[in-house]
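Novice: Okay, here's the structure, questions in a sec.
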Amino acid sequence: MKNSKNIRTEAETLAKYLSGEMDETEAAAYLQQAADSGENYIKLEKMKKQWSAIEGYNEPQKPDTTKAWNKLYARLQTDNLIPGRVILRKNRQLPALLRVAAVVIIMLAVGTVIYLNKDTKPTAEMVQLSTGDENNTLIKTLNDGSVIYLAQNSLFSFPNEFETKSRNVGLKGEAFFDIAPNPDKPFIIETDEAFIQVLGTAFNVKTKNGSAFELSVDRGKVKVSLKNNPGQIETVMAGEKISNIKNSLVKSKQTSVNSWYRQRMHFKDESLQNIISVLNRNFNTTFVVAEKETGNRKLTVTFDNETVETMTELICVTLNLKYQTINGSVVLSEISETTRQ
């Protein structure tokens, strides 16, 4: 394994070659040495092409190397990646030796960043939920506790785990959002027409092929901004709705509450705990589970205006559970081996 001194020496030699600081004899010897190692030669040729491309700009398009260097140097100095201080006179091109130093420092800085981030988790991949023509409401509880009710012919995109500073999701179609509050991590929804930012609230969003947008708020408040007209930013309060009319946001009073999302509720491979939490939130039910393990069991089920008794029976039959009513609550629990016998 090469130590840091050898790596630095190789980087300095490469920079000297690329910047034209070698005489013909040195350059020929260096090329021969690189050719002896196929991998090194490929890397050398690749960097040579990149270097030539930068040097080959026509004068009107030539980058401001002094500005670029000053910016890079300030960043590296702030991060304590280089010792000492280099002062450049205004409007002077980089001298040859400084170009060599620039290449070396860039290579060392890139290496440092790669090392420091080698164990960093990659950006979370988005998961997609979609619905077809069936008149079902697909319900999904996210890992932050927010509940999404997805209407038919709709597409919802979300990560399995949210980033540290915000909760970003995407929507095409219609959905009702019941967002878990978190003042330090705003919930941001992107549609074809707008960005919607919330902290903790419940509201309905309807979009249609990028040509229509409507949002109504049940509780809390929501900030909406149009993609094609960023100056159009409105805050929508509970009891209000907002529409995109000719690329302009128009607010009005919400005359009625649309509870479509409570009709024919479909859960797909959802945990029992998440299911009964949604049922308790939307209906006059008080389901509880006796054991945490029971709540973690997965279930696919559809409730279509069912009574509490029918929902209880469906859950128990599907997961082979038993229930009893204690102090007004329906307690779901595992069937013991003794009971099975």
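Novice: Answer yes or no as to whether Phe283 is buried (at least 16 other Cβ atoms within 10 Å of the Cβ) and modelled with pLDDT of 95 or more.
Specialist: Details: buried (at least 16 other Cβ atoms within 10 Å of the Cβ): yes; modelled with pLDDT of 95 or more: no.
Against the criterion (buried (at least 16 other Cβ atoms within 10 Å of the Cβ) and modelled with pLDDT of 95 or more), Phe283 does not qualify.
Novice: So the check is Cβ under 8 Å with 6+ separation or different chains; which pairs have a first residue in segment 252-264 that's touching a residue at least 12 places away in the same chain (Cβ under 8 Å) and a second one that's assigned to a helix (DSSP H, G or I)?
Specialist: Arg262/Asn282
Novice: For segment 179-186, state whether one or more residues are part of a strand (DSSP E or B) and not hydroxyl-bearing (Ser, Thr, Tyr). Step through it out loud before you land on a result.
Specialist: First, the residues of segment 179-186 that are part of a strand (DSSP E or B): none.
No, segment 179-186 contains no residue that is part of a strand (DSSP E or B) and not hydroxyl-bearing (Ser, Thr, Tyr).
Novice: State which residue pairs qualify: first residue assigned by TED's automatic domain parsing to the domain that holds Ser329 and inside segment 290-306, second residue of a type outside the set (D, E, K, R) and exposed (fewer than 15 other Cβ atoms within 10 Å of the Cβ) in any location, beta carbons under 8 Å apart, and separation of 6 or more residues or different chains.
Specialist: Leu299/Thr318; Val301/Thr318; Asp304/Gln263; Asn305/Gln263
Novice: Go through the residues of segment 228-235 one by one and say whether even a single one is crowded, with 19+ Cβ neighbours inside 10 Å and over 26 Å from Arg264 (Cβ atoms).
Specialist: Pass one, segment 228-235, residues crowded, with 19+ Cβ neighbours inside 10 Å: none.
Scanning segment 228-235, I find no residue that is crowded, with 19+ Cβ neighbours inside 10 Å and over 26 Å from Arg264 (Cβ atoms), so the answer is no.
Novice: Same structure again: Filter segment 149-169 down to the residues that are of a type in the set (Gly, Ala, Ser) and under 24 Å from Arg281 (Cα atoms), then identify the one that is surrounded by the fewest Cβ atoms within 10 Å (Cβ to Cβ).
Specialist: Narrowing segment 149-169 to residues of a type in the set (Gly, Ala, Ser): 151, 154, 157, 166.
Subsequent filtering for residues that are under 24 Å from Arg281 (Cα atoms) retains 151, 154, 157.
Numbers: Ala151: 20, Ser154: 22, Ser157: 16.
So the residue we want is Ser157.
Novice: Can you give me the number of residues within segment 166-178 that are among the aliphatic types (A, V, I, L, M) and in a loop (DSSP other than H, G, I, E, B)?
Specialist: At the first step, the residues of segment 166-178 found to be among the aliphatic types (A, V, I, L, M) are 169, 171, 175.
With the extra rule that they be in a loop (DSSP other than H, G, I, E, B), the set shrinks to none.
Qualifying residue count, segment 166-178: 0.
Novice: What number of residues in segment 301-310 are surrounded by 12 or more Cβ atoms within 10 Å (Cβ to Cβ) and closer than 18 Å to Glu270 by Cβ?
Specialist: Filtering segment 301-310 down to residues surrounded by 12 or more Cβ atoms within 10 Å (Cβ to Cβ) leaves 301-303, 306, 308, 310.
If we keep only those that are closer than 18 Å to Glu270 by Cβ as well, we get 301-303, 306.
Number satisfying all stated conditions: 4.
Matching residues to (1) of a type outside the set (A, V, I, L, M, F, W, C); (2) modelled with pLDDT of 95 or more; (3) outside any strand (DSSP E or B):
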{"site": "Tyr149", "(1), (2), (3)": "yes, yes, no"}
{"site": "Phe158", "(1), (2), (3)": "no, yes, no"}
{"site": "Thr164", "(1), (2), (3)": "yes, no, yes"}
{"site": "Asp192", "(1), (2), (3)": "yes, no, yes"}
{"site": "Gly200", "(1), (2), (3)": "yes, no, yes"}
{"site": "Asn204", "(1), (2), (3)": "yes, no, no"}
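Novice: Looking only at segment 257-273, which residues are in a helix (DSSP H, G or I) and crowded, with 20+ Cβ neighbours inside 10 Å?
Specialist: Taking segment 257-273 and keeping what is in a helix (DSSP H, G or I), we get 260-262, 272-273.
If the condition is that a residue be in a helix (DSSP H, G or I) and crowded, with 20+ Cβ neighbours inside 10 Å, then Tyr261, Leu272 are the ones that fit.
Novice: Looking at (1) exposed (fewer than 15 other Cβ atoms within 10 Å of the Cβ); (2) within 25 Å of the chain's Cα centre (by Cα); (3) not β-branched (Val, Ile, Thr), which one does Asn296 not meet, given that it meets all the others?
Specialist: Only one criterion in (1) exposed (fewer than 15 other Cβ atoms within 10 Å of the Cβ); (2) within 25 Å of the chain's Cα centre (by Cα); (3) not β-branched (Val, Ile, Thr) is unmet by Asn296, namely (2).
Novice: Filter segment 236-256 down to the residues that are surrounded by 15 or more Cβ atoms within 10 Å (Cβ to Cβ) and part of a loop (DSSP other than H, G, I, E, B) and list them by number.
Specialist: Ala238, Gln254, listed by residue number.
Novice: Next question, about the same structure. Would you please list the contacts, defined by Cβ atoms under 6 Å and residues six or more apart or on different chains, that run from a residue in segment 211-233 that is free of Cβ contacts under 8 Å to residues at least 24 places away in the same chain and assigned to a strand (DSSP E or B) to a residue that is among the polar types (S, T, N, Q) and surrounded by 17 or more Cβ atoms within 10 Å (Cβ to Cβ)?
Specialist: Cβ pairs passing all conditions: Arg219/Thr201.
Novice: Restricting the search to segment 274-284, which residues are closer than 15 Å to Ile139 by Cβ and either in contact (Cβ under 8 Å) with a residue 12 or more places away in the chain or in a strand (DSSP E or B) (or both)? Full working, then the answer.
Specialist: Of all residues in segment 274-284, those closer than 15 Å to Ile139 by Cβ come to 274-283.
Once the filter is applied, which keeps residues that are closer than 15 Å to Ile139 by Cβ and either in contact (Cβ under 8 Å) with a residue 12 or more places away in the chain or in a strand (DSSP E or B) (or both), segment 274-284 yields Asn274, Ile275, Ile276, Ser277, Val278, Leu279, Arg281, Asn282, Phe283.
Novice: Scanning segment 311-341 for residues that are small (Gly, Ala, Ser) and more than 15 Å from Ser271 (Cα to Cα), which turns out modelled with the highest pLDDT? Walk me through it before giving the result.
Specialist: Start the filter on segment 311-341 by keeping residues that are small (Gly, Ala, Ser), which leaves 328-329, 333, 336.
Narrowing the set further to residues that are more than 15 Å from Ser271 (Cα to Cα) leaves 328-329, 336.
On the way: Gly328: 91, Ser329: 95, Ser336: 77.
Among those that are small (Gly, Ala, Ser) and more than 15 Å from Ser271 (Cα to Cα), it is Ser329.
Novice: Let me ask you something else. As an exercise: evaluate Leu249 against (1) in contact with a helix residue (DSSP H, G or I) (Cβ under 9 Å, 6 or more places away or on another chain); (2) touching a residue at least 12 places away in the same chain (Cβ under 8 Å); (3) over 22 Å from Gly145 (Cα atoms) and give the number of the one condition it does not meet.
Specialist: It is condition (1) that Leu249 fails.
Novice: Can you name the residue in segment 294-310 that is modelled with pLDDT of 95 or more and not in a strand (DSSP E or B) and is also farthest from Asn258 (Cα to Cα) among such residues?
Specialist: Thr294
The values are calculated or read from the model by the stated rules, or taken from the named source; none is laboratory data. Predicted model, so just to flag it, every value in this text is computed and none were measured. Glycine gets a Cβ as well: all are built from the backbone with ideal geometry, and neighbour counts include every protein chain shown.
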